[in-house]
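For reference, the structure discussed in these notes is given below.
The values are calculated or read from the model by the stated rules, or taken from the named source; none is laboratory data. All values derive from a computational prediction rather than experimental measurement. In this analysis, Cβ positions are derived from the backbone assuming ideal geometry, glycine residues included, and neighbour counts consider all displayed protein chains.
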Amino acid sequence: MNLIIQAVHDIPAAQLDHLASLTLAARIEQVAAHAYRLRDAKPHDGVAGYCYEHHLDYGYVAPQQKLSNFGLLVMDMDSTLISIECIDEIADMYQLKPQVAEITESAMRGEIDFAESLRRRVALLEGLDEGALQRVYDERLQLNPGAEMMIEALQHHGVKTLLVSGGFVFFTERLKARLGLDFAHANTLEIVDGKLTGKVVGHILDGQGKAEWLVNMRNELELKPEQVIAVGDGANDLKMMMQAGVSIAYHAKPVVRAQAGYAFNFVGLDGLVHLFNE
């Protein structure tokens, strides 16, 4: 296997040499400004702890695995593609962020059923002016580091992109248009006379729903599971991630990091590009 080491800072040669020594790597190659490939590396129990201690992300990748081998990327929106939890920021317009954020965190850790948590959070927004949604998009929504580079690289290799979110269509549709994503699915907030009613329209898109959208799109594109990458950060992303050949936990909750194939704890979303660098 090749061991990919990356960071958001310069990686000292001594750290790379240490990792090469642990894994008996044949040679060290630089693949990006802060990313390196250790050729023919053997797994070693000391790698994970050493990398975490030095703020390095790592991943073992088969030599033949390249970005062009994939056909579909499925990703979460809140705290994955973007840096915020949209519902928390909407609530902040109503001075309710602490109450809503507490429920959000509990749901992302897997302590509360997602659908129930969403109903509870949305109910707190009853009566809020719909203009708050646009304000959140304009004033607070930011892409996570490396998002645009990742999407451009995927598009260059013909990889389709699916944004699937337990959040809201208001945001996913704008991001789909902004980034040129192929598909997007999310929940719809009920709005009557310009005010949020505190309800979600139709069936709530939860963790199972995310997994079903991945499988449906995978089948429609006639792809094998190993041709699909899934990226998420919360417990409601786990079912989706388990349906993909490659799963990546992005700055994720411990329960997600523990079950994902790869974990990006420090680098941006462009870490995916470096992981499967051509």
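Results, tabulated for the structure shown:
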read-out: Unique residue being modelled with pLDDT of 95 or more and touching a His at 6+ places or on another chain (Cβ under 6 Å) when the list is A20, A35; value: A35
read-out: The stretch 177-186, residues that are within 15 Å of V159 (Cα to Cα) and not in a strand (DSSP E or B); value: L179, G180, L181, D182
read-out: Subset of the stretch 12-30 (residues that are crowded, with 19+ Cβ neighbours inside 10 Å and not hydroxyl-bearing (S, T, Y)); value: L19, A20, A25
read-out: So D206, is it over 27 Å from Y60 (Cβ atoms), free of Cβ contacts under 8 Å to residues at least 60 places away in the same chain and not β-branched (V, I, T); value: no
read-out: E102 being outside any loop (DSSP other than H, G, I, E, B), over 18 Å from L275 (Cα atoms), in contact (Cβ under 8 Å) with a residue 24 or more places away in the chain and not hydrophobic (A, V, I, L, M, F, W, C); value: no
read-out: Complete set of residues in the stretch 140-176 that are outside any helix (DSSP H, G or I) and of a type in the set (S, T, Y); value: T161, S165
read-out: Subset of the stretch 155-188 that is touching a Lys or Arg at 6+ places or on another chain (Cβ under 8 Å) and hydrophobic (A, V, I, L, M, F, W, C) - its residue that is nearest to V267 (Cα to Cα); value: L163
read-out: Condition check for V255: surrounded by fewer than 24 Cβ atoms within 10 Å (Cβ to Cβ), assigned to a helix (DSSP H, G or I) and at pLDDT below 95; value: yes
read-out: Residue within the stretch 90-111 that is touching a Pro at 6+ places or on another chain (Cβ under 9 Å) and surrounded by 21 or more Cβ atoms within 10 Å (Cβ to Cβ) present; value: yes
read-out: Single residue of L133, L124, L118, L141 found to be hydrophobic (A, V, I, L, M, F, W, C), on the phi < 0 side of the Ramachandran plot and over 24 Å from the mean Cα position of the chain (by Cα); value: L124
read-out: Residues located in the stretch 163-219, provided they are within 22 Å of the chain's Cα centre (by Cα), closer than 25 Å to I103 by Cα and β-branched (V, I, T); value: V164, V169, T172, T188, I204
read-out: Residues of the stretch 61-84 satisfying the condition of being in contact (Cβ under 8 Å) with a residue 60 or more places away in the chain and part of a loop (DSSP other than H, G, I, E, B); value: A62, P63, Q65, K66, F70, G71, D76, M77, S79, T80, L81, S83
read-out: Selected residue (criterion: farthest from G166 (Cα to Cα)) from residues of the stretch 215-241 that are part of a helix (DSSP H, G or I) and either among the β-branched types (V, I, T) or in contact with a strand residue (DSSP E or B) (Cβ under 6 Å, 6 or more places away or on another chain) (or both); value: R218
read-out: Filter result for Y58 (hydroxyl-bearing (S, T, Y), in contact (Cβ under 8 Å) with a residue 12 or more places away in the chain, touching a strand residue (DSSP E or B) at 6+ places or on another chain (Cβ under 6 Å) and surrounded by 15 or more Cβ atoms within 10 Å (Cβ to Cβ)); value: yes
read-out: Residue match in the stretch 193-200 (condition: under 24 Å from L125 (Cα atoms), at pLDDT 95 or above and part of a helix (DSSP H, G or I)); value: no
